[in-house]
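Every number in this text was worked out from the coordinates using simple rules, so none of it is lab data. The structure displayed is predicted, hence computed values, not measured ones. Positions of Cβ are backbone-derived with ideal geometry, glycine not excepted, and every protein chain shown enters the neighbour counts.
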Amino acid sequence: FRSAATLKAGETAEYQLGEGRYAYLVPATGKVEVNGVTAKARDGLAIRDEATVRVTALEDAELVLVDAA
């Protein structure tokens with residue numbers, strides 16, 4: 001499953017990942033905080049063992065998230 005979002009600075013989005021699932025998130029532009037970890041444009045975050053992925057835009061940002069089993 002793939003998802004994309006555009007967030008303005010200060011906005012937050014949540015994605016229900018679920019236990020035992022994996023995700024890969026890349027901010028195409030901007031800077032974000034993902035469950036307490038900061039990521040800049042083109043940084044890739046491998047996410048696992050998180051029920052919810054919470055993304056807060058520190059700058060205007062465009063995101064791509066891939067949810068994998």
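Quick notes on this structure:
- For region 45-56, 3J(HN,Hα) per residue [Karplus equation, 6.51 cos²θ - 1.76 cosθ + 1.60, θ = phi - 60°, Hz, x = Gly/Pro]: 10, 8, 10, 8, 6, 10, 5, 10, 9, 10, 10, 10
- The Cα-based radius of gyration of the chain, divided by its Kirkwood radius, gives an Rg/Rh of 0.93.
- Net charge of neighbours whose Cβ lies under 13 Å from the Cβ of Arg54, counting Lys and Arg as +1 and Asp and Glu as -1: -4
- Using the average count of surrounding beta-carbon atoms within 10 Å as a protection proxy, the listed peptides 56-65, 12-21 rank, highest first, as 56-65, 12-21.
- Kirkwood-based shape ratio for region 3-43, expressed as Rg/Rh from alpha carbons: 0.94
- Averaging the Cα positions of each part gives two centres, and for region 10-35 and region 39-69 these lie 3 Å apart.
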